[in-house]
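One structure below.
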Amino acid sequence: MANSTHDIIRIREMFFQYPHGDFRMHITDMNIARNEKIAVLGPSGCGKSTFLHLLAGIIVPDCGSVLVDDIDIAKFSDARRRDFRNRKIGFIFQQFELIDYLSVLENVLLPLRISRGTRLNLKIKNRALELLEATGLADKYRRRPGQLSHGERQRVAIARAMINNPAILLADEPTGNLDPDNKRHVKNLIFKCTEESQATLIFITHDHDLLEGFDGVIDLQQILQGDCND
Ligand code: ADP
Ligand code: MG
């Protein structure tokens, strides 16, 4: 059953509620196996982004546990949690969250600037340039996000999420505003990045057409309803 090598994420009796608002999340028991690619489905507002933010330690549960690689990150201070997140987790945000006044290259390097004790050496800069090459942005690394198309900004967000070779890649509706061809393209790029870093992927999507190739599907609404007695 569950052991440290098999499951990279283990959730037990987890409750979460925003301080302001009545949305509540309760997950009794959930495991996600290492190196799997998992799709998370659910209608808008059901808690998909909240779920990813809990996995990333951006927010912490009110009670119960979210173990990431056997560590209960809720027990860390904010600074240690941020550090852990920057080392272990790549996060592709729904709105990308690129910094407008930084270049594409500086945006990709951002998680390393935030991590304590990481020096920006030539090797790391070369890795960022390689990622930009792999995402088709090699000639645009000096640009600002405002000088890129929507699809290009998204690829910067993907490259940034990969800079630390994350053990876990969390993608919040990365194909949300794309046409069918680009959806497949972005999914394939994220799959390729996941496989190359031997990461575990948790990928939110609305799109039933995109489920091919995933190892598992979590229907979040179904899980939350099953755990909600009120
Ligand atoms: P999804 O990503 O599935 O669309 P979210 O996780 O963003 O859903 O939101 C789930 C619910 O939590 C929604 O009802 C939303 O309004 C609410 N919510 C999200 N963020 C906050 C917040 N910071 N404070 C209060 N309520 C919030
Ligand atoms: Mg969302």
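Couple of notes before you dig in:
- Pairs where the first residue, in region 11-40, is small (Gly, Ala, Ser) and the second is within 16 Å of ligand 1 (Cβ to nearest atom) and assigned to a strand (DSSP E or B), C-beta under 9 Å, 6+ apart: ALA39/ILE202; ALA39/PHE203; ALA39/ILE204; ALA39/VAL217; ALA39/ILE218
- Between PHE16, PHE84, PHE76, the distinction of being within 22 Å of GLU196 (Cα to Cα) and of a type outside the set (Lys, Arg) belongs to PHE84 only.
- Set side by side, the residues ILE58, ILE114, ILE71 differ, and just one is within 19 Å of the chain's Cα centre (by Cα) and without any contact (Cβ under 8 Å) to a residue 24 or more places away in the chain, which is ILE71.
- Meets criteria (away from ligand 1 (no atom under 16 Å from the Cβ), at pLDDT 90 or above, buried (at least 21 other Cβ atoms within 10 Å of the Cβ) and β-branched (Val, Ile, Thr)) for VAL66: no
- Subset of region 23-56 that is within 16 Å of ligand 2 (Cβ to nearest atom) and among the small types (Gly, Ala, Ser) - its residue that is farthest from THR205 (Cα to Cα): ALA56
- Of all residues in region 211-226 being among the β-branched types (Val, Ile, Thr) and at pLDDT 95 or above, the one that is nearest to ligand 1 (Cβ to nearest atom): ILE218
- Considering the conditions (1) small (Gly, Ala, Ser); (2) under 17 Å from the mean Cα position of the chain (by Cα); (3) surrounded by 19 or more Cβ atoms within 10 Å (Cβ to Cβ), GLY176 is excluded by exactly one of them, (3).
- Of all residues making up region 127-179, the number that are hydrophobic (A, V, I, L, M, F, W, C), in contact (Cβ under 8 Å) with a residue 24 or more places away in the chain and farther than 28 Å from LEU54 by Cα: 5
- The criterion of being closer than 27 Å to GLY176 by Cα, modelled with pLDDT of 90 or more and hydroxyl-bearing (Ser, Thr, Tyr) holds for THR50.
- Those strands (runs of 3 or more DSSP E) lying entirely in region 1-116 with at least 2 residues among the charged types (D, E, K, R): 7-17, 24-33
- Candidates VAL104, VAL108 - the one that is more than 16 Å from ligand 2 (Cβ to nearest atom), modelled with pLDDT of 90 or more and within 18 Å of the chain's Cα centre (by Cα): VAL108
- Hey, HIS208 farther than 19 Å from ALA39 by Cα, at pLDDT below 95 and not charged (D, E, K, R) or not: no
- Only residues that are under 14 Å from the mean Cα position of the chain (by Cα), more than 9 Å from ligand 1 (Cβ to nearest atom) and of a type in the set (Gly, Ala, Ser) were counted in region 12-55, giving 1.
The values are calculated or read from the model by the stated rules, or taken from the named source; none is laboratory data. Computed from a predicted model, the values in this text were never measured in an experiment. With ideal geometry, Cβ positions are generated from the backbone for all residues, glycine too; neighbour counts draw on all protein chains shown.
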